[in-house]
1. Specify whether the C-alpha gyration tensor of the protein assembly as shown places it in the rounded, prolate or oblate class, a ≥ b ≥ c being the square roots of the eigenvalues: rounded for a/c under 1.5, otherwise prolate if a/b is larger than b/c and oblate if not.
2. Mind putting a number on the dipole of the protein assembly as shown about its Cα centre? Charges go on the C-beta only, +1 for Lys and Arg and -1 for Asp and Glu, and I need it in Debye to the nearest 20.
3. Accessible area of A:H123, 1.4 Å probe, to the nearest 10 Å²?
4. Which lysines have a Cα less than 22 Å from the Cα of A:K84, not counting those fewer than 8 places away in the same chain?
5. Could you list, in their original order, any pairs among A:K194/B:K172; A:K194/B:K187; A:K8/B:K194 whose Cα atoms are separated by more than 32 Å?
6. Please say if region A:49-161 is rounded, prolate or oblate, where rounded means a/c under 1.5 for a ≥ b ≥ c the square roots of the C-alpha gyration tensor eigenvalues, and otherwise the choice is prolate for a/b larger than b/c and oblate otherwise?
7. If you stretched the chain out fully between B:V77 and B:T126, how much longer would it get, using 0.36 nm times the residue separation minus the C-alpha to C-alpha distance?
8. Using θ = phi - 60° and the Karplus curve 6.51 cos²θ - 1.76 cosθ + 1.60, what whole-Hz ³J(HN,Hα) does each residue of region A:203-218 get, with Gly and Pro shown as x?
2 protein chains.
Amino acid sequence: MRVTPEAKGTIHAVGLGPGAPDLMSVRADRLVRETQHIAYFRKVGRPGQARSIVDGMLRPDAQELPMEYPITTEIPVADPLYRKTLAAFYAAGATQLRALSEQGHDIAVLCEGDPMFFGSFMHLFTRLSGAAPIRIVPGIAGMAGATAAAGLPLVWGDDTLAVLAGTMPWEKLAERIRQADALVVMKCGRHLTKVRQALSEAGRLADAWLIEYATMPGERVQPLSQHNGSPAPYFSLIVVPGRGRRS
Amino acid sequence: MRVTPEAKGTIHAVGLGPGAPDLMSVRADRLVRETQHIAYFRKVGRPGQARSIVDGMLRPDAQELPMEYPITTEIPVADPLYRKTLAAFYAAGATQLRALSEQGHDIAVLCEGDPMFFGSFMHLFTRLSGAAPIRIVPGIAGMAGATAAAGLPLVWGDDTLAVLAGTMPWEKLAERIRQADALVVMKCGRHLTKVRQALSEAGRLADAWLIEYATMPGERVQPLSQHNGSPAPYFSLIVVPGRGRRS
């Protein structure tokens, strides 16, 4: 029997914001509490950050669908097997969500931060787009949580903002840092020393802040210049405020 | 009599998100409904976008403090009088909020989008920081509302994102567009033709989307290449998605 489009359930990609549960939107809060089918990504053996944020909010009869990342730490990123393994994983997740949708179930896919901003959901989105009804519920990005926690106005007037990944190659990272007015560097982790060096060479180290666990327990704000150089936790980023026209 | 810090009221800068009232955070929603003193910016003779978003949410005994931008359209931005006029305006607003705080009143300052991202509140923040207790409630940025509305994953893997103002000089705008992976161009307005030309020269016009009134009534998503060239409304921005590593 062919299912009519009207009978399909909607896949809601729900942005949960930076971590504090009351920083999810009213719409997200409602969807998390009301939707029976709750999907989320997590590492094997971990509760998962997205799932942790909604602790205590789910329906008693909620059906949970954890999508567990395949273990890829032993495969180099450049190895075709790395991409192939992840592609198969995302394809399986998309198939699972699509099947639920075709059975008429709505699904809330929990997304840390904003779903369209470095989110794993994007890999499902490209596979499901056109095949199932999808609604994106935007969320507060981690960098907004960080600038709020640190009290750092980020961009003023004609400032340009560059959002960079600390995983970038040195040359490109250094060049982008030299050019930008305001900067956010994500994914620093083990790359913190490299990022710090690039900021220092560009003369921006004195204005750089390291913010860890913004809006979460363990929140910590410190000048990057005073950091001891140990790897940064996953939930951390560097902010260098802009210097644009001010009144 | 000297007021102890404990007796001071807190100034909450409340990010309201991109426009749809249910896209403000649960925390923002609560502060808007519970706080008696509600401040916001607006143009003379206009209701103000921030105030419009919270329509119907305020306490019956709310005290509203509209801060009305001085009329500066006749003063060139480069004229020192422009900056002086705005500086006096922000100083007066800060004085007003500080006085309320010292009387022990909490205040919610309504901020469109995120308070620290191109927000007028930043001009109050620099004047009030240290003088009054301030809490920033981050909000969903307009660009997240736009990527959600358009179904455009913005940044992937090692992508760099550049957020630019359409008001930038041509040379700098064109250079930044050539370098970035993902792009958001704000403040296009009367600069739409210039931005379009720069995107075209960089070979990115085919991937560029113009999103107007994201998450609001009148929401409209269209390829920039199909736009007729008329000025864009204030609530519009251009998104060019990144092309990073995908699985």
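The values are calculated or read from the model by the stated rules, or taken from the named source; none is laboratory data. The shown structure was predicted, so the numbers you read here are calculated from the model rather than taken from an experiment. We place every Cβ from the backbone using ideal geometry, glycine too, and count neighbours over all the protein chains shown. In case anyone asks, the SASA skips ligands and DNA or RNA and just uses the protein heavy atoms, side chains included. Shrake-Rupley method; radii C 1.70, N 1.55, O 1.52, S 1.80 Å.
1. It is rounded, given that a/c, with a ≥ b ≥ c, falls under 1.5.
2. Here the protein assembly as shown has a charge dipole of around 620 debye.
3. 20 Å²
4. A:K43
5. Among A:K194/B:K172; A:K194/B:K187; A:K8/B:K194, the Cα-Cα distance tops 32 Å for A:K194/B:K187; A:K8/B:K194.
6. oblate
7. Answer, rounded to one decimal: 15.6 nm.
8. 3J(HN,Hα) across region A:203-218, in whole Hz: x, 10, 4, 5, 9, 9, 10, 9, 10, 10, 6, 4, 6, 10, x, x.
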